[in-house]
Amino acid sequence: MRIVFFIPPPASPDHPLLGVASLVSIAVKMGHEVTVFDLNAILYSETYKEKNYWQKESFDCWSEPEYVRNITIYLREKIKCFAERQGSSPEVLAVHVNDTSKDIANICAHEFLKLYPNLKIVAGGPAFFNVPREVVSCGPYNAIICGEGETAFEEWLKNNGVNDRVMIHKNQLESLDDLPIPDFSKFPLDKYARKNVFPIETSRGCTNCCGFCNDVLMWGRRRNKSFLRLYKELELLSCKSRNIHISFCDSLINASKEEFKKLLQLLSGFNISWDGMVQVEGIDSEIADMMSVCGCKDVFIGVETFSRKFLKKINKAARTDNSVKVVQQLAKAGIKPSIGLIIGGYPFQSRSDFEHDLITIKNLAGCLKSVAVNPLCIPKGTFLWKQRDKFGLHHLDGPKGWKFWQGPNGFADIENRYSWCLEASEKLIEYGIQGSANYTHAVNYFKMIMGEARDYFVNQAH
Ligand code: SF4
């Protein structure tokens, strides 16, 4: 079959998407004719909008009705141009969908159908990881693959896409070594924000269970690739070019200190640079030095807070004294880490907890690359979501309850939470520390979110 893999915006423009590259590999191996149409990367490279629209903080904009209306004509043109360049009609469109690209993906799928009425459309991606059955109505899809897609997609292709209008949900793979080696050859590599950067995963899932995180719900128990398999992948990637950079997509790459040491030893045999997400547990000066020697250029640490009380309430395993030490050790080894800072406000975090975080960050300014300020979100099914009665939380079950949850003080808790986010973003400017987005944008973003929260509750009331 002729299959088009389609990636609508918004998605990360940094490098090809790993999940799609795995599915491409499966389809190619099965003898299908494959094209990748990464409209997200194309729009990014053509600067359809300023680059900060592709920062995670801005992804919500892409589902605002006015924004979607404005982009529709543009999408139609792009799809038409793509169709004109295609020789024969595709038979299958495989669409990657995340929570913020649902509306645009839906519009695009309809546009494809106008051009190719017999097209079979299969959708998958983060939007469908843990979803109720009503998502079937969110686009003209013949099938929706929920959860890990590799096995289900392969089966769907084997059946020539006959099981129409069903959500296919396969159990998670037992061994990640059974995954195909991702195929990046079909992607528009010159269109990505970071050139010569390829994603790779050593594992799926996390060993921790932080109260606000739905990683466990998404991935289930943590599974690792064998070192032999990783060696093979790294060898193939490092053959591509001399200046290869690997971006590890794992939830965290150092779940166990011993395993991480082995990974670092493996990496030291390749002339590559890399980045990834780590936890503070298990990092000491020896590990920090090893990371630096074997090509680590950037790490992100989900520190969340330096307050022991707040950490305990959100069920984060890390110890506060560790976090400060680890940031300093990494900086000493030449790797200035980026960290995540969570603002929870009442009933999780007191004003003094918050101020303690700001002072600690100020003191660490010389060691940090950036700080990503995030309000505490509580997705459905997480530990905190289950504890909502204990904490007196309200409005968790509305469509935007995960971000506009209220504590015992009602709307005042939302205002408090977001005004602290704003305050923290302004403090970062004062301390000369980079935010995850650029300063002005983060400040505007939190102001905009507060307006959105007010509109949301006015609409909910009607
Ligand atoms: S926040 Fe990070 S460390 Fe905690 S459960 Fe999620 S992925 Fe694991």
* the chain, relative contact order in percent, only Cα pairs under 8 angstrom and at least six apart counted -> 11 percent
* Set of lysines with alpha-carbon distance to Lys261 below 16 Å, sequence-local pairs under 8 removed -> Lys225
* Asked: Roughly what % of Cα-Cα distances in region 2-168 sit above 23 Å, to the whole percent?
  -> 34 percent
* Structure fact -> Rounded to 0.05, the calculated FRET efficiency for the beta carbons of Asn322 and Glu259 at R₀ = 22 Å is 0.70
* For region 196-299, what proportion of DSSP beta bridges, expressed in % and rounded to the nearest 5, is antiparallel? -> 15 percent
* Is there a pair in Lys80/Lys102; Lys170/Lys195; Lys56/Lys120; Lys386/Lys427 whose C-alpha atoms are over 28 Å apart, and which pairs would that be? -> Lys170/Lys195; Lys56/Lys120; Lys386/Lys427
* To do: Identify all aspartates and glutamates with a Cα-Cα distance to Lys29 below 18 Å; exclude those on the same chain that are fewer than 8 residues away in sequence.
  => Glu91, Glu150, Glu154, Glu155, Asp177, Asp178, Asp183, Glu233
* To do: Report, please, the projected area of the chain averaged over directions, based on the convex hull of its C-alpha atoms, in nm².
  => 21.3 nm²
* **Calculated from backbone phi, Karplus (6.51, -1.76, 1.60) coupling profile of region 303-310 in Hz, x at Gly/Pro** => 5, 6, 6, 9, 9, 4, 5, 5
* Structure fact -> For Lys312, counting only aspartates and glutamates whose alpha-carbon sits under 18 Å away and dropping same-chain residues fewer than eight positions off, the answer is Glu281, Glu304, Asp321, Asp353, Glu355, Asp357, Asp389
* Asked: Any idea how far the Cα center of region 71-92 sits from the one of region 363-387, in Å?
  -> 40 Å
* If you take every DSSP beta bridge whose two residues both sit in the chain, what share of them, in percent to the nearest 5, is antiparallel? -> 10 percent
* To do: Rank-order 61-71, 302-312 by packing density, defined as the average count of other C-beta atoms within 10 Å over each peptide's residues, highest first.
  => 302-312, 61-71
* Asked: What Kirkwood hydrodynamic radius do you get for region 196-299 when you take the inverse of the mean 1/r over all pairs of distinct Cα atoms, in Å?
  -> 14.2 Å
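Give me D for region 376-457 in µm² s⁻¹, whole number, from Stokes-Einstein with Rh from the Kirkwood sum over alpha-carbon pairs, 10 °C and 1.306 mPa s. Don't skip to the answer; put the middle values down first.
Values: Rh = 13.6 Å.
Once the numbers are plugged in, D ends up at 117 µm²/s.
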* To do: Give the shape of region 315-404 as rounded, prolate or oblate, defined through the alpha-carbon gyration tensor: a ≥ b ≥ c are the square roots of its eigenvalues, a/c under 1.5 means rounded, and otherwise the shape is prolate if a/b is larger than b/c and oblate if not.
  => prolate
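A short reminder: the numbers here are calculations on the coordinates, not readings from a lab. No experiment lies behind these values; they were computed from the predicted model shown. Please note: Cβ atoms are built from the backbone with ideal geometry, for glycine as well, and neighbour counts cover all protein chains shown.
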